[in-house]
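*Asks:* The following block contains the structure, expressed as structure tokens.
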Amino acid sequence: MANKVVIVGAGVAGVNAATKLIDNGYPGEDITIIDMGKSPYERKPEEVMTGFLGAGGWSDGKLTYHTAIGGHLSKYCGEDKAMELFDQVITNFKRFHPKPEEVQCSDPQSEPDFIKPYFGLRLFPVWHVGTDYLHEIGKNWYDYLVEKGVEFLWETKVTEINFNEQLVFCNDRWEDYDKLIFGVGKSGIDFAKELSEEYKLPTEPKPVQIGVRFEAPQHHFQKLIDIAYDFKLYRKFDAEGVSLRSFCTNNNAAYVAAEHTYGDISYNGHAKKDEKYANGMTNFGILMEIKNIDKPFDWAREAVKKMQIDGKGTYFSPSHRVPSKTTEGDYVETQVVENMEPLYDAIGDYAIYIQDFIHDMEKVFPTLGSDWGIYMPEVKYLAPEPLVNYDNLSLTRFPNVHFVGDALSARGITVSGAQGTYVAEALLINEDHKEKTKKYPEFIENIEF
């Protein structure tokens with residue numbers, strides 16, 4: 001097989017890459033997607049971390065629409081191209097949506113005066129797909145790729161990749177490839193780090209991103225939600241190399257989700273659209289970025305471990321609120337504690353920044369008081385980012401291996417999908433070039449690609 005594409009990871013990046021290839025006539029039988037999780041027909045709602053469409057495409061459904069959010073795609077392809085790629089990702093979610101007319105865009109325009117003394121507010125458009133529809137979107141999307149001949153290997157873990165021989169090891173055998181798209185999510189970041197070390201890939205270290213998932217009744221934040229549904233409060237301390245932001249805001253039918261990664265529990269959130277799930281709650285991450293940490297990936301891993309008690313993450317509420325329930329009716333998997341000591345034990349005085357962030361929210365939202373709780377930790381594991389060629393996101397030492405998604409420090413559904421689409425476009429151009437060389441060999445010496 002001359003043009004076999006193997007995609008490691010069936011998340012948003014890998015799925016959008018395969019879709020772009022298929023839509024442009026690439027043979028489906030030449031594409032294999034390998035994932036540790038399950039198809040959308042077999043995947044359970046609580047299986048957040050692995051499976052078709054990854055974590056964000058299974059339990060979030062908010063597509064940010066700005067190049068400054070979720071990673072630095074524009075540094076590879078420029079602002080205009082990045083926005084074009086975002087449009088393609090959003091179009092795919094609408095295309096496989098059972099009710100595409102319900103996909104709506106919020107676009108706040110002005111920063112309210114009441115937050116200015118304490119926070120900045122990042123304003124950008126967000127497309128709301130609707131969590132309730134994600135599983136149906138996944139099934140429709142999956143059916144399309146299968147019908148086109150794409151092969152999926154489910155519940156299959158890739159344990160070794162030989163970049164030199166162009167081989168992937170899984171299911172006790174080697175799979176060959178001509179092109180490899182490496183799109184593992186958070187569950188595969190450790191593997192990405194191992195590959196970088198094994199092949200001595202030049203990398204760019206990434207800062208620590210760690211914090212908590214904050215939860216409170218929605219009415220406390222309603223005046224800000226009316227302006228920006230997925231609001232992003234932020235503040236920076238440049239001299240200290242620290243910045244904080246709220247992100248991934250969920251309202252009305254808002255649920256906290258426990259994520260199992262590397263044997264530990266961290267927290268995320270999602271929102272339902274169906275009113276039967278309404279619980280009147282809001283949750284969002286308070287994420288702190290810390291620069292200049294030696295071995296930041298290892299530091300973050302160790303910090304997460306310190307916030308675990310009896311194999312669970314921790315929860316604190318000054319007003320003794322109880323942890324919330326999941327959509328399945330079970331309490332969120334956590335260990336209740338009496339103070340923020342686990343956070344201080346884990347990250348030291350950096351915890352003061354998070355505590356101050358919360359105290360200032362109490363000033364901005366006067367009804368909030370102590371009517372809140374935090375789940376510890378929320379974390380974005382960012383392994384050292386491999387250096388890639390800007391035109392196709394291929395490794396500088398292995399031009400037929402392309403890193404996308406969390407493996408390339410994308411932090412969000414839209415950016416991940418756009419990276420996968422960008423790589424697919426480059427592969428299509430390369431294949432078109434090959435066809436032209438076959439048909440018009442006499443002109444090849446004078447053509448630059």
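*Asks:* When ranked by the protection proxy of mean other Cβ atoms within 10 Å per residue, highest first, what sequence do the peptides 191-203, 412-424, 252-264 form?
*Replies:* Per-residue Cβ counts within 10 Å, averaged per peptide and sorted highest first, yield 412-424, 252-264, 191-203.
*Asks:* Here is a further query. If you place +1 on the Cβ of every Lys and Arg, -1 on the Cβ of every Asp and Glu, and leave all else neutral, what size is the dipole of the range 8-53 about its Cα centre, to the nearest 20 Debye?
*Replies:* About 120 debye.
*Asks:* How large is ³J(HN,Hα), in whole Hz, for each residue of the range 20-29 in order, when computed from phi with the Karplus curve 6.51 cos²θ - 1.76 cosθ + 1.60 and θ = phi - 60°, using x for Gly and Pro?
*Replies:* Result, ordered by residue: 4, 5, 4, 4, 10, x, 5, x, x, 5 Hz.
*Asks:* Give the span of the chain's Cα atoms along each principal axis, as three whole-Å numbers ordered largest to smallest.
*Replies:* Sorted from largest, the Cα extents of the chain read 75, 47, 41 Å.
*Asks:* Give me the mean projected area, in nm² to one decimal, of the convex hull enclosing the Cα positions of the range 42-177.
*Replies:* Average projection, Cα convex hull of the range 42-177: 12.4 nm².
*Asks:* Considering only protein heavy atoms and a 1.4 Å probe, what is the carbon-and-sulfur percentage of the accessible area of the chain?
*Replies:* 47
*Asks:* Please list, in chain and number order, the residues 5+ apart from Asn171 or on another chain whose amide H is under 5 Å from its amide H, with Hs placed from the backbone.
*Replies:* Residues meeting the amide H criterion: Lys157.
*Asks:* Also: Pick from Asn389, Asn171, Asn16: which is most flexible by mean-square fluctuation in a GNM of the chain where alpha carbon atoms under 10 Å apart are linked?
*Replies:* Asn171
*Asks:* In whole Hz, what ³J(HN,Hα) sequence does the range 408-421 give by Karplus (6.51, -1.76, 1.60; θ = phi - 60°), x for Gly and Pro?
*Replies:* So the Karplus estimates, Gly and Pro as x, are 10, 6, 6, 10, x, 5, 5, 5, 4, x, 5, 5, x, 5 Hz.
*Asks:* Related question: With unit charges on the beta carbon (Lys/Arg positive, Asp/Glu negative), name the residue among Gly211, Val415, Met49 whose Cα is farthest towards the positive pole of the charge dipole of the chain.
*Replies:* My answer, from the dipole projection, is Gly211.
*Asks:* Okay, next question. Order of 80-88, 159-167 by packing, highest average Cβ count within 10 Å first?
*Replies:* Highest to lowest by the protection proxy: 80-88, 159-167.
*Asks:* Could you give log10 I(q)/I(0) at q = 0.10 Å⁻¹ for the range 152-308, computed by the Debye formula over C-alpha point scatterers of equal weight, without solvent?
*Replies:* -0.55
*Asks:* If you don't mind, there's one more thing I want to ask. Just the ratio, please: alpha-carbon radius of gyration of the range 217-338 over 2.2 N^0.38 Å, N its number of residues.
*Replies:* 1.17
*Asks:* For Thr203, what residues show an amide H to amide H distance below 5 Å, using hydrogens built from the backbone and excluding near sequence neighbours?
*Replies:* Leu387
*Asks:* Let me ask you something else. Which one, Val404, Phe86, Thr249, is farthest towards the positive end of the dipole of the chain when Lys and Arg carry +1 and Asp and Glu -1 on their Cβ?
*Replies:* Comparing the listed Cα positions along the dipole, Thr249 ranks first.
*Asks:* How big, on average over all directions, is the shadow cast by the Cα convex hull of the range 175-217, in nm²?
*Replies:* 5.7
*Asks:* Give a residue-ordered list of calculated ³J(HN,Hα) values for the range 271-283 (Karplus: 6.51 cos²θ - 1.76 cosθ + 1.60, θ = phi - 60°; whole Hz; x for Gly, Pro).
*Replies:* So the J values, rounded to whole Hz, are 10, 8, 9, 5, 4, 5, 9, 4, 10, x, 10, 10, 9.
*Asks:* What does the helix-only formula give at 222 nm for the chain: each DSSP H stretch with n ≥ 4 adding -39500 (n - 2.57), the total divided by the residues, and the result rounded to the nearest 500 deg cm²/dmol?
*Replies:* Rounded to the nearest 500, it is -8500 deg cm²/dmol.
*Asks:* Can you list residues from other chains, or at least 5 along the same chain, whose modelled amide H is less than 5 Å from the amide H of Gln335?
*Replies:* Amide H to amide H, under 5 Å and 5 or more residues apart or across chains, Gln335 pairs with Gly313, Thr314, Tyr315.
*Asks:* Continuing with the same structure: Per residue, what accessible area does the chain have, given a 1.4 Å probe and all protein chains present, in Å²?
*Replies:* Per-residue value: 42 Å².
*Asks:* Using a 10 Å cut-off on Cβ atoms, rank the peptides 117-127, 133-143 from the highest mean neighbour count down.
*Replies:* Per-residue mean Cβ counts within 10 Å order the peptides as 133-143, 117-127.
*Asks:* With charges set only on the Cβ (+1 for Lys and Arg, -1 for Asp and Glu), what does the dipole of the range 79-196 come to about its Cα centre, in debye to the nearest 20?
*Replies:* 260
*Asks:* For Lys179, list the lysines whose Cα falls under 18 Å from its own Cα; do not include residues on the same chain fewer than 8 positions away.
*Replies:* Of all the lysines, those that pass the test against Lys179 - Cα under 18 Å, at least 8 places apart if same chain - are Lys4, Lys20, Lys434.
*Asks:* A 21 angstrom limit on the alpha carbon distance is what I want to check against. Which of Lys38/Lys325; Lys193/Lys236; Lys62/Lys363; Lys44/Lys157; Lys148/Lys186; Lys139/Lys232 exceed it?
*Replies:* Lys38/Lys325; Lys193/Lys236; Lys62/Lys363; Lys148/Lys186; Lys139/Lys232
*Asks:* Under a Cβ-only charge scheme (Lys and Arg +1, Asp and Glu -1), can you give me the dipole magnitude of the chain about the Cα centre, in debye to the nearest 20?
*Replies:* 540
*Asks:* Treating each Cα of the range 99-183 as an identical point scatterer and ignoring solvent, apply the Debye formula and state log10 I(q)/I(0) at q = 0.13, 0.22, 0.24, 0.26 Å⁻¹.
*Replies:* -0.75, -1.10, -1.18, -1.24
*Asks:* For the range 29-172, what is the percent of antiparallel DSSP beta bridges, rounded to the nearest 5?
*Replies:* Bridges in the range 29-172 are about 75 percent antiparallel.
*Asks:* Once the convex hull of the C-alpha atoms of the range 1-103 is built, how many Å³ does it hold per residue, rounded to a whole number?
*Replies:* 136
The values are calculated or read from the model by the stated rules, or taken from the named source; none is laboratory data. Model, not experiment: these values are computed from the prediction. All Cβ positions, glycine included, derive from the backbone under ideal geometry; neighbour counts span all protein chains shown. Please note that ligands, DNA and RNA were not included when accessible areas were found on the heavy atoms of the full protein model with its side chains. Shrake-Rupley method; radii C 1.70, N 1.55, O 1.52, S 1.80 Å.
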